[in-house]
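Q: This is the structure I have questions about; it appears just below.
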Amino acid sequence: MAVLNVSNIQRFSTGDGPGIRTTVFLKGCNLRCPWCHNPENISAKPETLVFAAAGKTVTYGKLMTPLEVADDVSEDADFYNAGGGGVTVSGGEPMLQYEGVAELAAILKERGISTLVDTAGCVPWRNFEVVLGSVNAFYYDIKAGSREKYASVTGGDFDLIVSNLKKLVACGANVTARIPFIPGVNTSDGELRLILSTLLEAGVKHADLIPFHRLGSAKYKAMGREYVFAKTSPPAAEEVARAGEMLGKYIETGIE
Amino acid sequence: MSNISELKSEILSFPKGVFCPEIFRARGLSESANTINANVRADGLYALFAMPEPHIYKNDLIAGSLRDVILEVPDDERGRAAAVFAKYPERTFSCNTDHYAADYFTAVEKGIPGMIRDIDASAEKHAGDAEATGFLKAMKRTLEGLLKRIENYAEKAESLKGAEGYDAEKLDFIAGNMRALLEGAPGTFAQGLQLVWMIHNCFVLEGRYAMALGRIDRYLYPLYLKDIANGTLTDERCEELVANTFAKICEFRYRGCDDVVNICIGGVDEEGVCSVNGLSYCVLRAVRDVNLPGPNLSARITPDCPDEFLDECLKVIGTGLGYPALMNDTVNMAALLRKGYELKDVRNYCMVGCIENFITGMQPPWSDGRFDPINYLEAILVGKTAEELDSIESMDAFMRIYEERLKEGVENYIEWMRRGQFVAEPENMTAPFLSCFCQCCIERGRDINMGGAKYPSAHGAALMGIGTVSDSLAAIERVVFEDRKIPLSTLAAAIKANYEGYGDIRETVLAAPKYGNNDAFVDKYAVWYTSTLSDMFDRYTTLDGGPVYTAQAANVSNIYAGHGLGATPDGRLAGRPLSDAASPTYGCDVKGVTSTLLSVSKPDYTRCACGSVVNQKFSPSAFKDGKREKLAQLIRVYFSRGGQEIQINSTSREVLQDARIHPENYQSLVVRVSGFSALYVTLADEVQEDILSRTQHEEV
């Protein structure tokens, strides 16, 4: 049995998919997005965060078997069943731990609980093939619309994520695109259009716009790291609405 | 709403003078030609209702004010009145005087003139029974006082026409409604509401507190329905009239504090079917419009209540008001049925005070007290010698000792309760006006506290600290008897020293499982606590043979209960609050709200007939469109699993600001940050600022 490198299990997550959900955050990521709001999940090693002002110390990173994770999150089954909820596996990049994710999703599927994977998609296609049979839906991040831009802001391979996205949609997977709306990165009309054309070309039916927020900044402080986006203000609501409208003309668009 | 803010500013501009109803009452008492105590009292009440000069606000639509008895009176005159009044003392809370839900059903159906006819008929039936006819005469006298007060208001409204700032249309409306009430039963929704408010107002003049308005969406529903059907009432107007009424609950502040007037919406009808109706929504919105503490709204949530109703409740809660408290109707009714009430009466229950379940208008006023089970656990640890403690061989043996101590504690509590309830000369402490609004008192010609009420009095024992006790027992089981890490005598020594010099022991007990994380190891103690203590109290009755309920509601008593208590085996330090109400210890339920509710729904609350309270806090973002349905799902599941109550606070700005200055006091404040929840104190300054500004934005 595979082992999952779990950062944190968060219950009553209301922004990570439909209904009441539990989000399992996995540790380790192969991208380096400077605005990341879950910096504790980037490294695969355990990390201790010291929230000095609050006098709290929290350690992230614990090895658990998929069965252990499944048993823990199954406690909330009644809540999931009340309205299309379930389990979301996020990170970090959960698709790096695809074997464990596949086992987890398979156990949950047997128990009648659906699994959604929140991924940036920058992994070999083979990883997706392993989870496809048990995972019910994907949240798929598109952070930039061109090869150069994507590489420069995330360090990742744009061609790979586009190819994976196309294959996912083609094989009938339930895919929702997630566009982090990051000031100075992808909020210009030109950049959004590039993202949009990628989505349309891949055949994605629904996209969510996720406006930048600074909710992770305390974690950077607690890790003794500098947050490049600490001084960046969240985009104005009007700007988000305008972008949503623009996308909405071509693709069903939600704003988180 | 058209005039609610103007009315509120009229009400909240405080009058000069002090609350002195005794001035009028003493006059009636001293001028009484009667000799029987109840009849002299009735003369006092007649004077209290009939003599004061009515006060009508410029924005009143439904009238009846406390200002009538806020007077600037010389001290010596007040002193003389108080001396007269002192000869006719009222019962106190411990012997059933307030926290009562009147039978407004009968009052609205019959009107005061109809009730007087019933009293006359009963007197005829009881001819020859001097005690009954005498008391019926006293009851009638007080209702005549109420009618006189209503007439005074009619006259006042008529005389104010043309006065500066007054609106003739409003005054005509008030006078017309008052005049109709003099003639018979209320014929319109507004007249019904006016009658109920006048009666409530008289209870407050009498000096009573926490007098519930009960199931207003039931007893006023026939009139509401009739007016809506014939086109003389709209929902907007209804909401306006109700808000206009509820705003005056806040007049209680003239006496120095807010009243707690429980108002109950939802629940079931006579057939047991969900009774949510158009009026329920009007009442809900009216409480929102008034936006002040005082009208303490409760919603009875049934499994078959529409999602729309729960959603409207959440919308109002999301304004930051915290109302309504959400009650699991299935559990509450099962709990009351266990106490032997008839099904039809149980279906018509409501709440008094904070959450106390009450059989509407059929039993004497409420009484309760605080029972602190943790004290008896502490007594074992600090009272026994080291040898005695270490000779306890198992957790089972420890539990048997604890149960024995609790049994003694409950015996002492009952003795205290009965002492408080005992009245030497009940015939000299009657309540003729209150008795008019309790079923069977008129029929039997008897006082509410002397066998007049259909059912005997119920008493609530509020159990404090389920979290503290469960966590303490779990810690003892884990570290003393399971891991054998620490002898019980050493743990006792650590507690006596308030863990000073025992830091490592405190670390060990803090690491033991805590209630609120869906952990069976500790949750079993919460189940035991609820059932065992309810069993113990079930053996006893009140002085008049009624049931003793248990409650798991603290108000803020858990803080005071903690003041006098030393450190406890769960790691809690001396003087710190106990866990609140039925909630886990704040800060110990770390897994998330779903786990908290899974734990909290394990005890059998059909044993807690009084009721229980579970406080949960969410920031306003959890109440946004698209997110509220998730809260609703959370509540439905929690209730389906047997949770009894939940009150959800959408965190106020003041709290968030204070939490920034004093984070040490808010270690367990959970706020919805965006899609997730976080401990507020672990968020960075700028995030707290973001949330604060967002909250403010939402409040605009």
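Any read-out appearing in this document is the output of simple, stated calculations on the displayed coordinates, not a laboratory observation. Every value quoted in this text rests on a predicted model; they were computed, and no experiment measured them. Backbone-built Cβ (ideal geometry, glycine too); neighbour counts: all protein chains shown.
Q: Consider just the alpha-carbon atoms of the stretch A:4-255 and return their Rg together with their Dmax, both in angstrom.
A: In order Rg, Dmax, the Cα atoms of the stretch A:4-255 give 17.7, 50 Å.
Q: For a Förster distance of 25 Å, can you work out the FRET efficiency between the beta-carbons of A:S146 and A:E99, rounded to the nearest 0.05?
A: Values: r = 32 Å, r/R0 = 1.28.
That gives a FRET efficiency of 0.20.
Q: For a protection proxy built on the mean count of beta-carbon atoms within 10 angstrom, sort A:15-24, B:225-234, B:32-41, B:71-80 highest first, please.
A: By packing density, highest mean first, the sequence is A:15-24, B:32-41, B:225-234, B:71-80.
Q: Still on this model: In angstroms, what radius of gyration and Dmax does the protein assembly as shown have, counting Cα atoms only?
A: 31.9, 104
Q: Can you pull out the GluC sites (Glu not before Pro) in the stretch B:1-67 that DSSP calls coil and that have at most 14 other Cβ atoms within 10 Å? Can you show the working numbers first?
A: Numbers: sites: B:E6, B:E10, B:E22, B:E31; in loops: B:E31.
Within the stretch B:1-67, the qualifying GluC sites (Glu not before Pro) (loop, at most 14 other Cβ atoms within 10 Å) are B:E31.
Q: Based on the Cβ-Cβ distance from B:D120 to B:A424, what FRET efficiency comes out when R0 is 25 Å, to the nearest 0.05?
A: On the way: r = 32 Å, r/R0 = 1.29.
Once rounded, the FRET efficiency stands at 0.20.
Q: A further question on this structure: Select from A:S188, B:L510, A:V89 the residue farthest towards the positive end of the dipole of the protein assembly as shown; place +1 on Cβ of Lys and Arg, -1 on Cβ of Asp and Glu, and compute about the Cα centre.
A: A:S188
Q: Under a point spin-label approximation (7 Å from Cα along Cα-to-Cβ), what is the B:D658-B:D685 distance to one decimal in nm?
A: Each label point lies 7 Å from its Cα, and together they span 2.3 nm.
Q: Sticking to Cα atoms, compute the Rg of the stretch B:494-606 to one decimal and its Dmax as the biggest Cα-Cα distance, whole number, in Å.
A: Expressed in Å, the Cα Rg and Dmax of the stretch B:494-606 come to 16.0, 53.
Q: Under 24 Å Cα-Cα from A:K143, which lysines qualify once same-chain neighbours fewer than 8 residues away are excluded?
A: Candidates past the 8-residue exclusion: A:K27, A:K166, A:K167, A:K205, A:K219, A:K231, A:K249.
Q: From the C-alpha gyration tensor of chain B, pull out the three semi-axes of the equivalent ellipsoid (sqrt of 5λ each), sorted largest to smallest, in whole Å.
A: Numbers: eigenvalues 421, 191, 105 Å².
Equivalent ellipsoid of chain B: 46, 31, 23 Å, largest first.
Q: For the stretch B:350-399, what is the largest minus smallest coordinate of the Cα atoms on each principal axis, given in angstrom and ordered from greatest to least?
A: Per principal axis, max minus min of the Cα coordinates gives 56, 19, 16 Å.
Q: For B:V73, list long-range residues whose amide hydrogen, built 1.01 Å from N in the peptide plane, is under 5 Å from its own amide hydrogen.
A: Distant-sequence amide H within range of B:V73: B:V18.
Q: Could you work out the relative contact order of chain B? I mean the mean sequence separation of Cα pairs under 8 Å and 6+ apart, divided by the number of residues, in percent. Walk me through the numbers on the way to the answer.
A: On the way: 1367 pairs, mean separation 93.8, N = 700.
It rounds to 13 percent for chain B.
Q: If you don't mind, another one. For a Förster distance of 35 Å, can you work out the FRET efficiency between the beta-carbons of B:I559 and B:D390, rounded to the nearest 0.05?
A: Numbers: r = 34 Å, r/R0 = 0.97.
After rounding, the FRET efficiency stands at 0.55.
Q: While we're on this one: Positive end of the dipole of chain B, charges at C-beta (+1 Lys, Arg; -1 Asp, Glu), about the Cα centre: which of B:P577, B:G322, B:M333 has its Cα farthest in that direction?
A: Sorting the options by dipole projection puts first B:M333.
Q: Pulled fully out, how much extra length does the chain show between A:R126 and A:E191, if you take 0.36 nm times their separation in residues and subtract their Cα-Cα distance? It would help to have the intermediate numbers written out before the result.
A: On the way: separation 65, 0.36 × 65 = 23.40 nm, distance 2.95 nm.
Using 0.36 nm per residue and subtracting the Cα-Cα distance, I get 20.5 nm.
Q: Would you tally the net charge around A:K167, using a Cβ to Cβ cut-off of less than 12 Å, leaving A:K167 out, and scoring K and R as +1, D and E as -1?
A: Working: positive: A:R126, A:K166; negative: A:E129.
Result for the neighbourhood of A:K167: +1.
Q: For the stretch B:517-578, evaluate the Debye formula with one uniform point scatterer on each Cα (no solvent term) and list log10 I(q)/I(0) at q = 0.30 Å⁻¹, rounded to two decimals.
A: Taken in order of the listed q values, log10 I(q)/I(0) reads -1.07.
Q: For the stretch B:541-618, how big is Rg over Rh, using alpha carbon atoms and the Kirkwood form of Rh?
A: Working: Rg = 14.7 Å, Rh = 14.2 Å.
In the stretch B:541-618, Rg relative to Rh is 1.04.
Q: Also: If amide H atoms are built 1.01 Å from N in the plane of the peptide, which residues on other chains or at least 5 residues away come under 5 Å of the amide H of A:T88?
A: A:T22, A:T23, A:V24, A:L116
Q: Taking H placed 1.01 Å from N in the peptide plane, check which residues at least 5 places from A:G254 or on another chain put their amide H under 5 Å from its amide H.
A: For A:G254, whose amide H was placed from the backbone, the distant partners under 5 Å are A:A207, A:D208, A:L209.
Q: Next question. Just to be sure I understand: if I project the alpha-carbon convex hull of the stretch B:4-259 onto a plane and average over all orientations, what area do I get in nm²? The partial results should precede the final answer.
A: On the way: hull surface 58.4 nm².
Mean projected area of the Cα convex hull: 14.6 nm².
Q: Got a sec? Charge dipole of the stretch B:4-259, +1 on Cβ for Lys and Arg, -1 for Asp and Glu; which of B:S122, B:P222, B:A168 is way out at the positive end?
A: Result: B:S122, furthest along the dipole toward the positive end.
Q: Please report how many Lys pairs in the stretch B:142-296 have alpha carbons closer than 17 angstrom, counting only residues at least 8 apart along the chain or sitting on separate chains. Please list the in-between numbers first.
A: Details: B:K148/B:K156; B:K156/B:K170; B:K161/B:K170; B:K170/B:K248.
Close lysine pairs under the 17 Å cut-off: 4.
Q: Could you check which residue among A:L31, A:L116, A:L194 shows the biggest mean-square fluctuation in a GNM of chain A with a 10 Å Cα cutoff?
A: Highest fluctuation among the options: A:L194.
Q: Calculate, in nm to one decimal, what B:T319 and B:E408 gain on full extension: separation in residues at 0.36 nm each, minus their alpha carbon distance.
A: Details: separation 89, 0.36 × 89 = 32.04 nm, distance 4.59 nm.
Full extension from B:T319 to B:E408 adds 27.4 nm.
Q: Which angle between 0 and 90 degrees, to the nearest 10, do you get for helix B:466-475 versus the longest principal axis of chain B when only C-alpha atoms count?
A: With both axes taken from Cα atoms, the answer is about 10 degrees.
Q: Taking the Cα centre of chain B as origin, sum charge times position over the Cβ atoms of Lys and Arg (+1) and Asp and Glu (-1), and report the length of that vector in debye to the nearest 20.
A: On the way: 73 positive and 98 negative charges, 75 e Å.
Around 360 debye, computed over chain B.
Q: Angle, helix B:104-125 long axis vs. longest principal axis of chain B, Cα atoms, 0 to 90°, nearest 10?
A: Taking Cα atoms only, the helix is inclined about 70 degrees.
Q: Provide the three semi-axes, in whole Å and in decreasing order, of the ellipsoid equivalent to the stretch B:83-175 as defined by the square roots of 5 times the Cα gyration tensor eigenvalues. Walk me through the numbers before you get to the answer.
A: Working: eigenvalues 215, 80, 41 Å².
Value: 33, 20, 14 Å, ordered largest first.
Q: On C-alpha positions alone, give me the angle between the axis of helix B:235-246 and the longest principal axis of chain B, in degrees, nearest 10.
A: 80
Q: Could you give the length gained on full extension between B:R255 and B:F14, defined as 0.36 nm per residue of separation minus the Cα-Cα distance, in nm?
A: Details: separation 241, 0.36 × 241 = 86.76 nm, distance 1.04 nm.
Roughly 85.7 nm would be gained on extension.
Q: Which of the GluC sites (Glu not before Pro) found in the stretch B:201-304 are loop residues per DSSP with 16 or fewer other Cβ atoms within 10 Å of their Cβ? Walk me through the numbers before you get to the answer.
A: Values: sites: B:E206, B:E236, B:E239, B:E240, B:E251, B:E270, B:E271; in loops: B:E206, B:E270, B:E271.
Answer in residue order: B:E270, B:E271.
Q: Moving on. Counting other Cβ atoms within 10 Å, which GluC sites (Glu not before Pro) in the stretch A:126-215 have at most 11 and lie in a DSSP loop? Intermediate values should be presented prior to the final figure.
A: Numbers: sites: A:E129, A:E148, A:E191, A:E201; in loops: none.
For GluC sites (Glu not before Pro) across the stretch A:126-215 that sit outside H, G, I, E and B with at most 11 neighbouring Cβ atoms in 10 Å, the list is empty.
Q: Report the charge-dipole magnitude of chain A in Debye, nearest 20, computed about the Cα centre from +1 at each Lys and Arg Cβ and -1 at each Asp and Glu Cβ.
A: Values: 25 positive and 29 negative charges, 115 e Å.
Computed charge dipole of chain A: roughly 560 debye.
Q: What's the average, rounded to a whole number, of partner chain beta-carbon atoms within 10 Å of each residue's beta-carbon in B:626-634?
A: Values: counts 3, 2, 0, 5, 12, 3, 2, 11, 6.
Neighbouring Cβ atoms belonging to other protein chains average 5 per residue here.
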